[in-house]
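Report on the following structure.
Throughout, read-outs are computed from the coordinates displayed, never taken from laboratory work. Please read these numbers as outputs of a predicted model, since none were measured by experiment. Every residue, glycine as well, gets a Cβ built from its backbone with ideal geometry; the counts of neighbours run over all protein chains shown.
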Amino acid sequence: MEENGQVVPPTAPNGVFAVTVDEKGRLKLPASMLAYLEGFGEERKVFITTFDELEARIYPISVWRETAKRLQEPSEENFEILEDLAKVAAHYGKDVDVDAQGRLTLPDTLRKTMSLEKDEARLSCFQNRITVWNSAEYEKQLAAARNNLPEKAKLAKRKGL
């Protein structure tokens, strides 16, 4: 969707979704995530990559183009960091079509590095992309998020959340 030349993202589904990666490396998107991707008005094409080898990122193709542009913007500070991230994204990344059944095939190198083979994975939408974790990494990050939860809840309360 575009408004004044800017991509206006559709409303992302809430929550974390458990999915299975099959023996061919395919991941079936939940219907709400498929509708989310289709809301960008593109032909079911996504770019899948990682920046940190801990979480995969599924970008609608227009969002990826904007992200790639930002990675290439000249910047005196952080230039080397952004250049490294661009290299990692290119190494693991691939344009992928979502098939008629709502499945996409994770790139081989990314799938093997992140242990996303024949396993359960978790999906969540964040910042106009879908994030994918293997189940062990998701549980590890959830445990870290739960650390000191009462203090975090107090902060949220002070912020009116």
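Please compute the length gained on full extension between ASP52 and GLU23, using 0.36 nm multiplied by the number of residues separating them and subtracting their Cα-Cα distance.
Values: separation 29, 0.36 × 29 = 10.44 nm, distance 2.40 nm.
Once the chain is fully extended between ASP52 and GLU23, it gains 8.0 nm.
When every alpha-carbon pair in region 14-62 is counted, what percent end up more than 15 Å apart? Can you show the working numbers first?
Values: 646 of 1176 pairs.
For region 14-62, the fraction of Cα-Cα distances above 15 Å is 55 percent.
All other residues with a Cβ under 12 Å from the Cβ of LEU104 taken together, and with Lys, Arg as +1 and Asp, Glu as -1, what is their net charge?
On the way: positive: LYS24, ARG26, LYS28, ARG44, LYS45, LYS94, ARG103, ARG111; negative: ASP22, ASP95, ASP97, ASP99.
Net local charge, LEU104 excluded: +4.
Once the other residues with Cβ under 11 Å from the Cβ of LYS118 are scored (Lys, Arg +1; Asp, Glu -1), what is the net sum? Write out the running numbers ahead of the final one.
Values: positive: LYS24, ARG26, ARG111; negative: ASP22, GLU23, GLU117, ASP119, GLU120.
In short, -2.
Pick out, from ASN147, PRO107, THR131, the residue whose Cα sits farthest towards the positive end of the charge dipole of region 71-159, with +1 on the Cβ of Lys and Arg and -1 on the Cβ of Asp and Glu.
ASN147
Please give, to one decimal in nm, the separation of the simple spin-label points placed at ASN148 and GLU66, each 7 Å out from Cα toward the Cβ.
Reported label-point gap for ASN148 and GLU66 is 3.3 nm.
Once each part is reduced to its C-alpha centroid, what is the distance from region 29-55 to region 90-161 in angstrom?
12 Å
List the lysines whose Cα sits under 20 Å from the Cα of LYS24, skipping any in the same chain fewer than 8 residues away.
Within reach: LYS45, LYS94, LYS112, LYS118.
Is the shape of region 1-129 rounded, prolate or oblate, going by the alpha carbon gyration tensor and its root eigenvalues a ≥ b ≥ c, with a/c under 1.5 for rounded and a/b larger than b/c for prolate? Numbers along the way, then the final one.
Working: a/c = 1.98, a/b = 1.17, b/c = 1.70.
Verdict is oblate for region 1-129.
Work through the residues other than ARG44 whose Cβ is under 12 Å from its Cβ and net out their charges, Lys, Arg +1 and Asp, Glu -1. Provide the component values of the computation, followed by the final result.
Details: positive: LYS45, ARG103; negative: GLU38, GLU42, GLU43, ASP95, ASP97, ASP99.
The answer is -4.
Can you list the lysines whose alpha carbon sits under 28 Å from that of LYS159, skipping same-chain ones fewer than 8 residues off?
Correct list for LYS159: LYS140.
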